[in-house]
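Structure record follows, encoded as structure tokens.
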Amino acid sequence: MRIRFLGTGDSAGWPHPFCDCDSCQAVRGTADVRGNTCVLVDDTLLVDLGPDGVRSAARFGIPLSGVRHILLSHAHADHLHPEVFYWRQWAGPRDPVDLVGPPTALQRCAPYHATDSAVRPTPAVPGERLQVGDYAVLPVQATHDADAVLYDITGPDGRTLFYGTDTGLLCEETLAAMTGRAFDVVLLEATFGLERARPSEHLDLVTLASTIEDLRGRGAITEQTMVIAVHLSHRNPPPARLTNELARIGAVVRRDGDVVEVGSSQRSPQWTDQAELDVGSLAARVDETDEQSAQVLQDRRRAAHPQLAGDGDLDRLGRWIASVQGKSTPADFERARAIVVVADHVVAEGVSGSLRSGAQQAADLDAGTDPRCAVAAISGVGIRCEYARAAVGDADVRAALARGLAIADDEVDRGTDLIIATNVGTGATASAAAVVGTLLGLEPTAVTGRGGGIDDAGWMRKVVLVRTLMRRARPSIADPVQLLVHTDAGDIAMIAGVLVGAAARRTPVLLDGVVTIAAALLARELAPEGPGWWLPAHRPADPLADRALGALALEPVVALDLGTAVGALAAVPLLRAAVVGTRAP
Ligand SMILES: [Zn+2]
Ligand SMILES: [Zn+2]
Ligand SMILES: [Zn+2]
């Protein structure tokens, strides 16, 4: 079962269009903007039909032409925009579509599809099972409106989804119907966030917690269930804090546009989006690079130029490219992509010299207004920003690793043959220093650099922070997941996932900057053959970089500090030159 979130917000959406509260300011214009809650299952079953959901499908590149079944929770306008049935008719003759919903919702739709015989309405009655195409659907009573339902949905693969919005505290008959269901995914609303919701209408973070507890007690939610908060409004705290609050009660959030794959599918290797990643299985996925091809290339070059005593750096790069491509005559890179992991650490106060937040930088990179975009254009590199979240617990780190693996997988599926791993954000180098210091058993002062450019007092504060992180992390030196939790390194986890995922798909990576280098050191713990697939683009002037690159025995493309992101982008033409060099007589 594949669940795509077309929307995860409440009726006004988050940010609220007319509000300037902190929660709204934190997300306005970012990837955390949330429209009306609406999900698309397996590209064929659409749950709820608010005005945002249908339109956002287009923004996420999803045609709704494959939709054959529509489930409506109730007739409120953020869940039902009946004009959609006109739009569908205007697109020309369509395949039949099942329309399931409570009677009042069906009545609202009726005038809009009166002339469209392809729409087949079926009333949803709480407790009465329906077969909707290949899906077994059980509507249950919502606590919201006399005529509102929630849905228990079983897919053709046997996977299960509970769609739980809009509702207040669940009534006894609904709880009874959910007992023992052990759902794969449960969506529950958290409309009122930090404020108190009327329990007869909606949930807030407190009543959401008690609902999750109830459902755990009844076996509807188990350790394997992914609980996702939806119908989110600006009454919730800003994203990083919301993630933390939800982690405490065993729930997560997903962004509009996100996809959750439940169970395995045909694509291989398939990384689950759930926090159940088996970290120990990663090592076996990464093979050695092809040293044979590199050797053949070297022998050929030596035979052609017996007068040369040694070889130059371009020859060294050429051999690396031969080893990762598995070709003694390497091909030019056809699609190079920079994966920019974005994270702003809460600890950044006073220890970070970065003037602009990661979110601001990512917005500029996405808009093409960041100067680095011009360098990327010269180098023929596409840019993809991905947001990492705070690593509060084990599940966050596993999810970040899984996300990184999935990003690499997605890029390789799209034809990417060179990945540049980099990051932007405030306070990231303190976590990087703690990871490297812990893994290599070094003093905090030996791995703490000046990050975005801090003064002596700032450096001393940073050393104290690194020392604190290292003290927490040291007992977990043999457990990469716990180590990342204790160093607050959600971004490093995601980058490590990208590095391992790329190596698993035999795709080379250029490492850029100290955070990425720290991620490589950590990723080697997960996949010992990984470093063969990774090459540092340049040498950041930071003690951490020297230590980590020494331990990894990796030589940078150029031994200069070219600056984060710019360095790796500028190194790409050198790699292309090295490819040409391998063909020289
Ligand atoms: Zn609603
Ligand atoms: Zn607001
Ligand atoms: Zn409602």
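The numbers here are math on the coordinates, done by the rules we state, and not lab data. If you're wondering where the values come from, they're calculated on a predicted model, not measured in any experiment. Glycine also receives a Cβ, built like all others from the backbone with ideal geometry; neighbour counts cover every protein chain displayed.
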Worksheet item: What is the packing order of peptides 389-400, 515-526, taking the mean over residues of other C-beta atoms within 10 Å and listing the highest first?
Response: 515-526, 389-400
Worksheet item: Hey, rough spin-label estimate for D413 and R335, points 7 angstrom out along Cα→Cβ, what's it come to in nanometres?
Response: 1.2
Worksheet item: In degrees, nearest 10, range 0 to 90: what is the angle between the Cα axis of helix 358-367 and the longest Cα principal axis of the chain?
Response: 90
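Could you give the size of the charge dipole of the chain about its Cα centre, using +1 on the Cβ of each K and R and -1 on the Cβ of each D and E, expressed in debye and rounded to the nearest 20?
1100
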Worksheet item: Can you give the helix-only mean residue ellipticity at 222 nm for the chain, where every DSSP H stretch with n ≥ 4 adds -39500 (n - 2.57) and the sum goes over all residues, rounded to the nearest 500 deg cm²/dmol?
Response: -11500 deg cm²/dmol
Worksheet item: When you count, for each residue, the other Cβ atoms within 10 Å and take the mean per peptide, how do 374-383, 414-423 rank with the highest first?
Response: 414-423, 374-383
Practice prompt. Starting from the Cα gyration tensor of the chain, multiply each eigenvalue by 5, take the square root, and state the resulting semi-axes largest first in whole Å.
Written response: 47, 27, 21
Fill in: Formal net charge of residues neighbouring G530 (Cβ-Cβ distance under 13 Å; K, R +1; D, E -1)
0
Worksheet item: Under the definition of Cα pairs under 8 Å and six or more residues apart, what whole-number percent is the relative contact order of the range 2-261?
Response: 20
Worksheet item: How high is the relative contact order of the chain, given as a whole-number percent (alpha carbon pairs under 8 Å, six or more residues apart)?
Response: 12
Practice prompt. Work out the charge dipole of the range 2-261 with +1 on the Cβ of Lys and Arg and -1 on the Cβ of Asp and Glu about the Cα centre, then indicate which of H16, T222, L194 is farthest towards its positive end.
Written response: H16
Response to the item:
Given the candidates N36, C171, P126, the one whose Cα lies deepest towards the positive end of the charge dipole of the range 2-261, counting +1 at each Lys or Arg C-beta and -1 at each Asp or Glu C-beta, is N36
Fill in: Value of Rg to Rh for the range 333-572 (Rh from inverse mean 1/r over Cα pairs, i.e. Kirkwood)
0.93
Response to the item:
With a Förster distance of 25 angstrom and the Cβ-Cβ distance between E555 and E288, calculated FRET efficiency to the nearest 0.05 equals 0.85
